[in-house]
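J.: Structure in structure tokens, see below.
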Amino acid sequence: MSQKQLKNKPLIEAILELRWQLIPRGNGHETDPHYKLLLGRLYDRLLTDYPEHEQLAAASLPDELFGHVVQHRFRASTNGWPLIQLGPGILTVNATADYTWNDFRSRAAKAFRLLYDAHPKASELKIVNITLRYIDAVEFDYSTANVYDFLKDKLKVNINLPANLFEKTGVQNRPDNFVWNSTFSCSDPKGVVMIRFASGQKEWKPAILWETTIQASDDEMPEMPAGFDAWFDAAHNLTGDWFFKLIEGELERRFSGE
């Protein structure tokens, strides 16, 4: 699917996340028995593209208490992006402002292949969840404008409360903060689509954040590893389709630098 390249894209972060099955250890704990060896083997394979290693605080804690929690980052440059993150049962590929789909796709597909290549027992690696998430943001002054009006006029999302809730109550009909999210079943690719709008910040200024996420788990999972590429491409096509339909009009012109 061909999509426009935006000069002033609102992207905060693009994330591919893979989670694989952990092994129960009793007392409600789960462990990734191959994690320590996987970490070293994957590091060797990532070194050329991601030479900067960063150990997070979670790495000092028992692995069985923090399954599916990132412990290590591998960056392309010091404090730079893109990056890959690893923890017991979890791997992510993250990109930010310099994101392009071709580069992100290439890095994600390579990281996926390296995960299987580095895993000590790839035949036992069972991916149980795959997620593609895009986080975008646009600056917004909540003190002077109504975010619901902005969502309706600029993003075609209509959220309203009854006007009489605010009549003669002393309550201002303009939210200072808000969160709205919905989830929808999806057949191509199999999974669920989640969209979320919330107040937040962009470069330390008030903003409207919106996340578009596609996730597969359990029976929705494609066959792995063979089905990864097709699912990933279909998820990107759908998130891109939703994104450009939402911003069509004034926001697209703004993001295009027109």
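J.: Tell me which residues, restricted to the stretch 201-230, are more than 22 Å from residue 127 (Cα to Cα), at pLDDT 95 or above and either of a type in the set (S, T, N, Q) or within 17 Å of the chain's Cα centre (by Cα) (or both).
T.: 208, 209, 210, 211
J.: Within the stretch 204-224, track down each residue that is at positive phi and touching a residue at least 60 places away in the same chain (Cβ under 8 Å).
T.: Across the stretch 204-224, the qualifying residue is only 218.
J.: Would you be able to tell me the number of residues in the stretch 72-113 that are part of a helix (DSSP H, G or I) and surrounded by fewer than 20 Cβ atoms within 10 Å (Cβ to Cβ)?
T.: 8
J.: What is the number of the single condition among (1) under 30 Å from residue 141 (Cβ atoms); (2) out of contact with any Phe, Trp or Tyr (no Cβ under 9 Å at 6 or more places or on another chain); (3) among the hydroxyl-bearing types (Ser, Thr, Tyr) that residue 217 does not meet?
T.: Tallying (1) under 30 Å from residue 141 (Cβ atoms); (2) out of contact with any Phe, Trp or Tyr (no Cβ under 9 Å at 6 or more places or on another chain); (3) among the hydroxyl-bearing types (Ser, Thr, Tyr), residue 217 fails exactly one: (1).
J.: Then there is this: Here are some residues: 34, 29, 53. Which one is under 26 Å from residue 81 (Cα atoms) and not acidic (Asp, Glu)?
T.: Within the list 34, 29, 53, the selection yields 53.
J.: For the stretch 1-64, list the strands (runs of 3 or more DSSP E) that sit wholly inside it and hold at least 1 residues that are of a type in the set (Gly, Ala, Ser); which are they?
T.: Qualifying strands (runs of 3 or more DSSP E): 11-20, 23-26.
The values are calculated or read from the model by the stated rules, or taken from the named source; none is laboratory data. Values in this document were obtained by computation on a predicted structure and should not be read as measured data. Note: ideal-geometry Cβ built from the backbone for every residue, glycine included; neighbour counts use all protein chains shown.
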